[in-house]
Amino acid sequence: LKNIPFKSDPETQDSYFNKVVNYAKLKADACHPPRPLFALGFDKEDVKIANILKGYGYTPLCTVSALQKQLQNAVLLEFYTLPLYLTSMYTIVENCNTEAYQAIRDIVMQEMLHLVQSANILISIGGQVIIDDPNYVPSYPSEDGLPGGVLPGLEISLERFNLRHVYDTMMAIETPTLTYVARPELESTLYTIGQFYKEISVCIHYLGNDIFDASTAERQVRWPWTEPGSVGTVHVVTDVASAKHGIAQIVEQGEGDSPLNPNQVATGQYGHFYRFEEIVCQRRLVQKDDNSYAYDGAPIDYNPSGVYAMRDNPSSDT
């Protein structure tokens, strides 16, 4: 199978959907030159970064009932990502695009962990998780972003694996609120997943330990994999501290440890946003001697021929 890199084939005709994809422009848009971190004058008192690191203030909506509703939205938000990512993964032909397949699979495993963690927090404050109700099953295409008001207006479709879809949809879903990694400053103007969870965390802190019911611990899910650094840890939630630990892991796995650090500290992997961008850039993200990050590591093959033909948003009716 012929690999079609950006540089030798800037416009490639998609033989199945008969679309022209300008891969050269896609790469230019996504894979920016490195920028040394020390040149940014990073300061924890910087207003933009402080807003991320110090959290947001609570609002009058921070009540137990409102918190339960947002945690149910968190469960559904994570649920929405699973068909999207799995569809892309399962359309990859066996033994083709293997690094992309593995990256997406790793991310799917962590998204399932995030769903379970959100459910555990909801259970711990007396809520009931709803996931087997037809009214809560994700439907595609969706033009309303994700549950909880996250990324409003983002169109989410089920598509076979392709770089444009990874760039337009998957990277958009995992976008950090603020990042300086491997690009000039990128600050989202939309309500991101990180902001959504940060507000939940702040509300939990405000309401305090009295909202938790220790007797719910036996009804919470334990993660079956215990080897360190594999997927992450599902926290059994009994108080503010364990709830905030679980939320912090969700945010870190999606967007990295901080605006200057793309890593997941516990697993040693990059955050989901950066792993998707590696696929688009067709290069590993590496840290340079000057502490900058750049997508100029080992190549990641992308072979558009190694993907099964599939119509967008398939259903039992089509």
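With protein chains left intact and a 1.4 Å probe, residues in region 153-254 average 42 Å² of accessible area per residue. Modelled spin-label separation between residue 93 and residue 190, with each label point placed 7 Å from Cα along the Cα-to-Cβ direction: 3.2 nm. Carbon-plus-sulfur accessible fraction, region 267-308 (probe radius 1.4 Å, protein heavy atoms only): 40%. Full extension of the chain between residue 105 and residue 136 yields a length gain of 8.8 nm, computed as 0.36 nm times the residue separation minus the alpha carbon distance. Remark: spin-label model distance residue 289-residue 315 equals 5.7 nm, labels positioned 7 Å along the Cα→Cβ axis. A crude spin-label estimate for the pair residue 266 and residue 164, with each label 7 Å from Cα along the Cβ direction, gives 3.8 nm.
Per residue, the convex hull spanned by the Cα atoms of region 57-112 measures out at 87 cubic angstrom.
The values are calculated or read from the model by the stated rules, or taken from the named source; none is laboratory data. Note that the coordinates shown come from a computational prediction; the quantities given were computed from them, not determined experimentally. Heads up, the Cβs are rebuilt from the backbone with ideal geometry, glycines too, and the neighbour counts pull from every protein chain shown. Each accessible area value is taken on the protein alone, full model and side chains, heavy atoms only, with ligands, DNA and RNA left out. Shrake-Rupley method; radii C 1.70, N 1.55, O 1.52, S 1.80 Å.
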